[in-house]
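See below for the structure under consideration.
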Amino acid sequence: MNHIARVALAALGAATLAGCAGNKPQTAMQEGDPFATASFQSILHHDFTSKGQAKVSRLKQTPTQYECSRYDALGTAMPASVAQGIESRALSRVVYPADGQYLGNWKAGLKVAENGKGMQWSDKPGSVNGGNCLACHHMIANDPSQGTIGPDLYHYARLRGNTPAVLKYTWARIYDSAAFNACSFMPPFGAHRILTEQQMKDVMALLMNPDSPVNQ
Ligand code: HEC
């Protein structure tokens, strides 16, 4: 949802800019805030309505989403210092498992990876969210419905091993991918409380366990 909101905002931002590309410069934009223009805000509130648990308030961007929309989505490269700031802030906020155990049950993890439900207007508030990993990643053999937005994760642990460093990196990636790529398209599963700690352990096991279909 966050990613979708960001893309939607980016698209709207671009439309607004195109619509205003005449001789009259946009004062608010010149002040550095392309999303504060009256026309942008009016399109936003005209086109989006609250439905179920998907409230219009979700369109309020986090500081990271704001920076990514402001630079990447509007066609200006993000300055390295801004990207580094986002990444180091995200990394410093990663919460690692309190008991030091990174690995849960890979079978439960496969269900999380396959489940694309949760947090949408049509989902019951409070129902269990999925991680939808397969929508973006190829992870298992013989399943034609896997996405290619993210890198191929098939044979993840077979290729990288399961050293403490790999476990820690993978946990942080899933917790908040912006810790490594400021404007990552991968949802911040831990930081935005999309998945529980147990669900994150289960998808970790899916990636790491030698018996899991990811490593067959
Ligand atoms: C909306 C698409 C999307 C979803 C859903 C998604 N990812 Fe990702 N993932 C990405 C992208 C894109 C990258 C590439 C890194 C980057 O630039 O953010 C990535 C990177 C990763 C990496 C790092 C790979 C490497 O080479 O180091 C891991 C591990 C990972 N994802 C695991 C998961 C797991 C587990 C789930 C489900 C809980 C998941 N992803 C869901 C898009 C997604």
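The values are calculated or read from the model by the stated rules, or taken from the named source; none is laboratory data. Note that this is a predicted model, so its numbers are computed, not measured. Here the Cβ positions follow ideal geometry from the backbone for every residue, glycine too, while neighbour counts run over all protein chains shown.
Where residues in region 119-134 are within 14 Å of the ligand (Cβ to nearest atom) and surrounded by fewer than 17 Cβ atoms within 10 Å (Cβ to Cβ), which of them is nearest to residue 175 (Cα to Cα)?
Out of the qualifying residues, it is 128.
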- Task: Inspect region 195-216 for any residue being at pLDDT below 95 and touching a helix residue (DSSP H, G or I) at 6+ places or on another chain (Cβ under 9 Å) and give the result as yes or no.
- Result: no
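Yes/no per residue for (1) near the ligand (Cβ under 10 Å from one of its atoms); (2) within 16 Å of residue 67 (Cα to Cα):
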residue: 172; (1), (2): yes, no
residue: 181; (1), (2): yes, yes
residue: 185; (1), (2): yes, yes
residue: 189; (1), (2): yes, no
residue: 192; (1), (2): no, no
residue: 196; (1), (2): no, no
residue: 207; (1), (2): yes, no
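Being more than 16 Å from residue 193 (Cβ to Cβ) and surrounded by fewer than 16 Cβ atoms within 10 Å (Cβ to Cβ) is the filter; apply it to region 93-104 and report the residue that is nearest to the ligand (Cβ to nearest atom). If you could, list the steps in order and put the result at the bottom.
Let us first name the residues in region 93-104 that are more than 16 Å from residue 193 (Cβ to Cβ), namely 99-104.
Keeping just the survivors that are surrounded by fewer than 16 Cβ atoms within 10 Å (Cβ to Cβ) gives 99-101.
On the way: 99: 20, 100: 19, 101: 17 Å.
Taking the candidates together, the pick is 101.
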Okay, helices (runs of 4 or more DSSP H) sitting entirely in region 51-147 with 2 or more residues that are closer than 29 Å to residue 164 by Cα, I get 80-92, 106-114, 133-136
Note on residue 162: of the conditions (1) modelled with pLDDT under 95; (2) within 12 Å of the ligand (Cβ to nearest atom), unmet is (2)
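For (1) among the charged types (D, E, K, R); (2) at pLDDT 95 or above; (3) farther than 20 Å from residue 175 by Cα, each residue gets a yes or a no:
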| site | (1), (2), (3) |
| --- | --- |
| 48 | no, no, yes |
| 71 | no, no, yes |
| 76 | no, no, yes |
| 83 | no, yes, no |
| 87 | yes, yes, no |
| 96 | no, yes, no |
| 103 | no, yes, no |
For residue 176, the lone unmet condition from (1) in contact with a Ser or Thr (Cβ under 9 Å, 6 or more places away or on another chain); (2) within 9 Å of the ligand (Cβ to nearest atom) is (2)
Of the residues in region 163-192, those that are crowded, with 19+ Cβ neighbours inside 10 Å, outside any helix (DSSP H, G or I) and of a type in the set (S, T, N, Q) number 1
Of (1) surrounded by fewer than 14 Cβ atoms within 10 Å (Cβ to Cβ); (2) in the same structural domain as residue 178 (by TED's automatic domain parsing), residue 84 fails just (2)
